[in-house]
1. Can you give me the C-alpha center-to-center distance between segment 71-115 and segment 289-315, rounded to a whole angstrom?
2. Straight distance only, please: which lysines reach the Cα of residue 2 with their own Cα at less than 30 Å, same-chain residues fewer than 8 apart left out?
3. Tell me the Rg and the Dmax, in Å, that the Cα atoms of segment 1-157 produce.
4. Once you have the Kirkwood Rh of segment 13-89 from its Cα pairs, apply Stokes-Einstein at 37 °C and 0.692 mPa s and quote D in µm²/s.
5. Under a Cβ-Cβ cut-off of 13 Å, what is the net charge of the residues other than residue 228 that fall near it, where Lys and Arg count +1 and Asp and Glu count -1?
6. When a/c reaches 1.5 or more, the comparison of a/b and b/c decides; with that in mind, is segment 171-220 rounded, prolate or oblate per its Cα gyration tensor?
7. Among 120, 272, 291, which one moves the most in a GNM of the chain with springs linking Cα atoms closer than 10 Å?
8. Hey, if you put +1 on the Cβ of every Lys and Arg and -1 on every Asp and Glu Cβ in segment 201-290, which of 244, 268, 255 ends up farthest toward the positive end of that dipole?
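The values are calculated or read from the model by the stated rules, or taken from the named source; none is laboratory data. Being a predicted model, the structure only gives us computed values, none of them experimental. For neighbour counting, all protein chains shown are included, and Cβ atoms are generated from backbone atoms with ideal geometry for every residue, glycine included. Surface areas here come from the heavy atoms of the whole protein model, side chains and all, with no ligands, DNA or RNA. Shrake-Rupley method; radii C 1.70, N 1.55, O 1.52, S 1.80 Å.
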Amino acid sequence: MKTLVAGGAGFIGSHLCDALLEEGHTVVCVDDLSRGTEENIGHLKECEAFRFYRSDVREVDALKTIFEKEKPEYVFHLVANSDIQASAKSPEVEYQCTYTTTFNILQCMKEFGVKKLFFASTSAVYGDKRGIELTENTPNLSPVSYYGAAKLGSEALISAYSYMDDIQALIFRFPNVIGPRLTHGVIYDFIRKLNDNSSRLEILGDGKQTKPYIYVKDLVQAIVSMKESEQTGVRLYNLGVDSSTSVTRIADILCEEMELENVEYCYTGGEAGWKGDVPRFQYCLDKIHAAGWRAQFDSDEAVRMAVKHELGKLE
């Protein structure tokens, strides 16, 4: 099968390209390298089943040219602004990188008759609903970040196009994703800070922010294993792990792996690390477990492996 991975040179996208090629599919990778890197896909450049287009999905005419030439059968949409803190200062980033890219991809699928889509959504669509176990049917979705809003708007577009154009869409709402090729986030920030000053670590918020962290290869395995369905319309799943990890626990794991002792933790205070951050939430994973998928690694294990990769302790 010929697949198109939009955002395929990024953190998650590059791992997805690897997995699809391992399954024997042809992969057309489209990325403007604003967040993705050539290093992430450098090992694939000589693969005959892999093609790379350095192109901006926000430019619909360029995207149409790729669709017309390559004629993909399945589109994996992972293009988005993944740095929520950055978009808090510039909401237009989400409109362009997250919402507009979804519209352009759907328009190309409509024009060229592509019927299969995977979309990477997020727990941020629920908003701040502490004390509620979040299911796929949780009502009154009310994102508190521009990122979550653009993802929820994208889900709405996919719903409409799926109905109007008979598209089979698979949507995963997942939490924090970590692992090799990570480019930002709490682990990345903590390592940078500790490299600058190994005796003191600034921690945003009160350190009690507690979230599920999923290992990137677990996520990709779920995408690949569940991508096919005879069902038209939208299949929507929460995707995650049964456990969670606090920000302070991440700092502890990092100090253990860096063999640092007596590091002073300095908290900036407040429940959230920044405005738009959801300090904690609880997923219900019954639906995806019933479908036959379960994460191999729990949240703390995912954090420790991601830390080891960043420190060069794991290949």
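1. 27
2. 45, 64, 69, 71, 110, 115, 116, 151, 217, 227, 287
3. 16.0, 50
4. Values: Rh = 13.6 Å.
The diffusion coefficient I find is 242 µm²/s.
5. Working: positive: 115, 116, 227, 235; negative: 23, 73, 230.
Residues close to residue 228 contribute a combined charge of +1.
6. It comes out oblate by the Cα gyration axes.
7. Taking springs between Cα atoms under 10 Å, the residue moving most is 291.
8. 244
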